[in-house]
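Computed from the coordinates by the stated procedures, all read-outs in this text should not be read as laboratory data. Here the structure is a predicted model, which is why all the values come from computation and not from measurement. Every residue, glycine as well, gets a Cβ built from its backbone with ideal geometry; the counts of neighbours run over all protein chains shown.
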């Protein structure tokens, strides 16, 4: 899948995997790969600017956490983030359905 | 982590244009990420060195990552940056003025107060002289008291301006070094130095011209300003021009205040 397509929807994808449970950056990428059956291969370097941007927008919050002797920055979705995820998912479903209808394919 | 990861992180650190605290966080998160990625790649059969190299390659080039983090120039950010630069240039000008005050004081002590304050005005009244006798009890005559008083005022106001400039400059430098990344600060130091050198050189020429005009004509436009008054300002301004030109040259060679 095109990197540009992924980048264009990265914020929404990140909100989705972090809404499941708080995760650090690498775990978020692994979750994206797992949930997409390996089809979403996120450009790794684009992950952290997106996480920081979402945090600055108030849709994520983060804190350092130590587990198994490793200190990591763990991100979790805020209430604003959950609302943005819900709105984004609805908009995406409508858009994907419209495009699929025009193309004559099943989304 | 090996030298390869350390070198990558150092390159990323230098390329980032965000503030110091944000930069440290990005570097720390990137280090964690590369470690996790290399561990996973090793678990699927890559040799440690190959896994580390692959993890770095997958992460992307330092320049691309830095560009993605580059803060957008919001109106507030532009305004605060301009204010910071204005404060730095103003502080440098005020410190220059303070230096000129110290020079004026030295000239006055060596060559006498008239050398800085110029000849006393002819219209000093008895009231003026009585007031000057109080403020300058050591003066033998009213005109001598006026000269000392004028010298002291000239020195005091300039030195006070210099002290205020030092405080403003230290505060502005602290803010700049905290909130601007090294590369950003280095670029701006270069530009600021060039700008300050140009302004100081122009001021130097103007001062020298005005001083020469005042000292060689008898138009009455420059009464009350002796040669030392002009000389102290001219020397301090020349010093400012030289220092800022040297800072500009050093910045071009990669030596900056940011260290």
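Can you pull the Kirkwood radius for the protein assembly as shown, inverse mean 1/r over Cα pairs, to one decimal in Å?
26.0
Mind checking the angle between helix A:3-20 and chain A's longest principal axis? C-alpha axes, 0 to 90 degrees, to the nearest 10.
60
Please rank A:92, B:230, fewest neighbouring Cβ atoms within 10 Å first, as an exposure proxy.
A:92, B:230
Using the beta-carbon distance between residue A:99 and residue A:34 and R0 = 25 Å, what value does 1/(1 + (r/R0)^6) give for FRET efficiency, to the nearest 0.05?
With R0 = 25 Å, the Cβ-Cβ based efficiency is 0.45.
Using a Gaussian network model of chain B with C-alpha springs under 10 Å, which one of B:174, B:145, B:130 is most mobile by mean-square fluctuation?
B:130
Once you've got the GNM for chain A with C-alpha springs shorter than 10 Å, pick whichever of A:70, A:53, A:61 has the biggest mean-square fluctuation.
Result for chain A, Cα springs under 10 Å: A:70 fluctuates most.
At 7 Å along Cα-to-Cβ for each site, give me the label-to-label distance between residue B:175 and residue A:56 in nm.
Inter-label distance under the simple model: 2.0 nm.
Calculate the FRET efficiency for residue A:83 and residue B:10 from the Cβ-Cβ distance with a Förster distance of 41 Å, rounded to the nearest 0.05.
Approximately 0.55, to the nearest 0.05.
So what's the back-of-envelope 222 nm ellipticity for chain B, counting only DSSP H runs of four-plus at -39500 (n - 2.57) apiece and dividing by all residues, rounded to 500?
So the calculated ellipticity at 222 nm is -27500 deg cm²/dmol.
Please work out how much length the chain gains when fully extended from residue B:153 to residue B:78, using 0.36 nm per residue of separation minus the C-alpha to C-alpha distance, in nm with one decimal.
Working: separation 75, 0.36 × 75 = 27.00 nm, distance 3.88 nm.
Extra length available between residue B:153 and residue B:78 comes to 23.1 nm.
For A:40-49, what's the mean count of beta carbons from other chains sitting within 10 Å of each residue's beta carbon?
Mean partner-chain Cβ count within 10 Å for A:40-49: 6.
Taking each residue of B:237-250 in turn, how many C-beta atoms of other protein chains fall within 10 Å of its C-beta, and what is the average?
0
Can you give the angle from 0 to 90° between the axis of helix B:126-135 and the longest principal axis of chain B, with both taken from C-alpha atoms, to the nearest 10?
50
For a quick check: sort B:122, A:20 by the number of other beta carbons within 10 angstrom, fewest at the front.
B:122, A:20
In degrees between 0 and 90, to the nearest 10, how far off the longest principal axis of chain B does helix B:182-216 point, with axes built from Cα atoms?
10
Which one of B:95, B:65, B:242 has the biggest mean-square fluctuation once chain B is modelled by GNM with Cα springs under 10 Å?
Residue with maximal mean-square fluctuation among B:95, B:65, B:242: B:65.
Note down the nm distance, to one decimal, between modelled labels 7 Å out along Cα→Cβ at residue B:122 and at residue B:46.
Calculated label separation equals 9.2 nm.
How do B:235, B:156, B:16 line up, fewest other C-beta atoms within 10 Å first?
Lowest count first: B:156, B:235, B:16.
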